[in-house]
């Protein structure tokens, strides 16, 4: 593991260092350090207002950092456009399902296929066999294989969450960020989603924000606890759950 | 062939297009006298703007309340060329400076301003009709959309631009003809555009260009770009975080709408024989939005019907009850917004089609039902292409 190649292999895919953002003097994220390895499923937990969603906003470029750096595969994300960050391989799911209600499931997925992304590319985009196959494959993955023609606005809440995850899978991102993917899901849907996450995390890194502890246990490799914009604890689910500081601010409630 | 069929919107799309084409190209020319037909031609020049608004407002969610700017720019470019042709030294020899437009002479201008010089060339004029408005739209679009100015703020800025341009035109009387505009346009490359035969030919050229714009609009809406526009209207953030440069798409559709408006403006100058600031400002710009709203902001063909009907109503009522018209227009807009947000096309979708299938006693299901279990592409194409007055629920 000390050889240069070994070092290279273990280099984190995402390295956040000294990340700070302040809104009118309030530091929502305060000198944060976070490293995510290849093929890792990391869950970030923390009480409301801990800065979890803000961290995702900072990574995907929705919010600009006040200071610090975010390195993704040796590229500095804090200076890049949102769409360039996506094209570099970062996919992000929003807290409330963010899908195109007026389009069909098929069109929703097709919209995220990484081709025809420029104005004229979109104008002359052709629905090729490759697109069809990819859409069908992803739709089957997210349990919506039979609902391709359904108008997306008519899906159930859980199905909308899956559809948005599917839209991210279409991009085949190296880093997948999910903000509360099982919020509002039934127990059986949660189990299906855990299964889905374990399948799709093969070959990519996944960063999840979640409150549901059962769900966290079923997917997390490592858990990071955020509190007041800082990392309070990090480690396995078990070690975090037994950490007295964590119990005090979060789990003890 | 298949692609062409898809572009036209399937069988029903073709039928809708044919009905409108028959109305405009056959029924009107056969039933209306030269004066009324010229009037319809004028209404159809507004339809260019309305069709552009369907793309940028209906589908793109960008409500521009300043499309008169582009209509006016296109119109003024054409009018400048025609005015120069009408101002040859022979017919302006009584002026103190012969060979320049009459209004310049009245304003003590003794030399043709440099801005006017290139408009001696017809090729330059035709290019300017398209390029100048598109360039302006590009500048406005890049400046605003890159900064994420949207919704009502964008609308307000477009209104301000319409106002600025009107004030500029009126203020620079020697350059633009001021409030009277550019009048007394006579010939196009020596061809008398005031004769009945010329007006008839211009009517058909105008209609042909309008159908060209509608077809281009259909091509855009049936491409992935059309679906992206709707997606952006629904969830702009999701589109942005799916790797698209949202601003670029907005700029594009805004430029297309500007281009359509400009063609309409140029055809207006040719058919009506003058151009004035009263087609540039805030009021005409809002009127054009009403045409699109009444016709149906999600329907390219509906926009044409909307322009025809509202303008017919305007002519009819302002001939009979001139003081009532403005109230009627306002009431109409309120009614559209409150009771039928998808305009005439929406009413046709929800009531007219049912009524028609009742009359012809054909079960509607025969047309509408996509066969289950087939591959997504054709079924989807059918579904998307299902209506001549295309409405998304």
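What is the fewest-to-most order of B:245, A:31, B:33 by other Cβ atoms lying within 10 Å of their Cβ?
With the sparsest Cβ surroundings first, the list reads B:33, A:31, B:245.
Output the Kirkwood hydrodynamic radius of the stretch B:139-236, Cα pairs only, in Å rounded to one decimal.
It is 17.9 Å.
Where does the stretch A:74-195 land on the Kirkwood hydrodynamic radius, alpha-carbon pairs, in angstrom?
With all distinct Cα pairs of the stretch A:74-195 included, I get 15.1 Å.
So if I average 1/r over every pair of distinct C-alpha atoms in chain B and take the inverse, what Kirkwood radius in Å does that give?
22.1
Given points 7 Å out from each Cα along the Cα-Cβ axis, report the residue B:324 to residue A:154 separation in nanometres with one decimal.
4.4
Need one number: nm distance between label points at residue A:126 and residue A:187, each 7 Å from Cα along Cα→Cβ, rounded to one decimal.
A separation of 5.2 nm, rounded to one decimal place.
When the C-alpha atoms of the stretch A:149-253 are aligned to their principal axes, what extent does each axis show, in angstrom, from largest down?
Extents along the principal axes: 51, 29, 24 Å.
Compute the distance from the alpha-carbon center of the stretch B:300-359 to that of the stretch A:19-89, in whole Å.
The stretch B:300-359 and the stretch A:19-89 have Cα centres separated by 51 Å.
Within the stretch B:263-295, whose backbone N sits under 12 Å from a point 7 Å along Cα→Cβ of residue B:347?
B:294-295
Which ordering of B:124, B:321, B:291, B:48 is given by a fewest-first count of other beta-carbon atoms within 10 Å?
By the 10 Å Cβ count, ascending: B:321, B:124, B:291, B:48.
With labels modelled as points extended 7 Å from the Cα through the Cβ direction, what inter-label distance (nm, one decimal) is found for residue B:309 paired with residue A:211?
If labels sit at residue B:309 and residue A:211, their model points lie 4.9 nm apart.
Take the Cα pairs of the stretch A:135-201, get the Kirkwood Rh, then feed it into Stokes-Einstein at 20 °C and 1.002 mPa s and tell me D in µm²/s.
Once the numbers are plugged in, D ends up at 176 µm²/s.
Between residue B:283 and residue B:198, what length comes free when the chain is fully extended (0.36 nm per residue of separation minus the Cα-Cα distance, one decimal in nm)?
27.6 nm
Treating each Cα of the protein assembly as shown as an identical point scatterer and ignoring solvent, apply the Debye formula and state log10 I(q)/I(0) at q = 0.08, 0.10 Å⁻¹.
-0.70, -0.96
Please compute the average number of Cβ atoms from other chains found within 10 Å of each residue's Cβ in peptide A:146-155.
2
Under the definition of partner shielding as Cβ atoms of other protein chains within 10 Å of a residue Cβ, what is the mean value for peptide B:215-227?
Counting Cβ atoms of other protein chains within 10 Å of each residue's Cβ and averaging gives 4.
If I take all pairs of Cα atoms in the stretch A:11-251, what percentage of them are more than 30 Å from each other?
Cα-Cα pairs of the stretch A:11-251 separated by over 30 Å account for 26 percent.
Per the helix-only calculation at 222 nm, which mean residue ellipticity applies to chain B, given -39500 (n - 2.57) for every DSSP H run of n ≥ 4 and division by its residues, nearest 500 deg cm²/dmol?
Here the helix-only value at 222 nm equals -21500 deg cm²/dmol.
How large is log10 I(q)/I(0) at q = 0.18, 0.19 Å⁻¹ when the Debye formula is applied to the Cα atoms of the stretch A:10-112, each weighted equally and without solvent?
Summing over Cα pairs of the stretch A:10-112 leads to -0.94, -1.02.
If you rank A:246, B:239, A:29, A:90 by fewest surrounding Cβ atoms within 10 Å, what's the result?
By the 10 Å Cβ count, ascending, the order reads A:246, B:239, A:29, A:90.
Where is the GNM fluctuation largest for chain B (alpha-carbon springs, 10 angstrom cutoff): B:89, B:101, B:322?
In the Gaussian network model the winner is B:322.
State the antiparallel share, in %, of DSSP beta bridges confined to the stretch A:11-251, rounding to the nearest 5.
In the stretch A:11-251, approximately 55 percent of DSSP beta bridges are antiparallel ones.
Looking only at Cα atoms, what is the convex hull volume of the stretch B:63-143 per residue, in Å³?
103
Since every read-out is calculated from the coordinates, none of them should be taken as a lab result. This structure is a prediction, so every number in the text was calculated from the model and none was measured. Don't worry about glycine lacking a Cβ; one is built from the backbone with ideal geometry, like all the others, and counts go over all protein chains shown.
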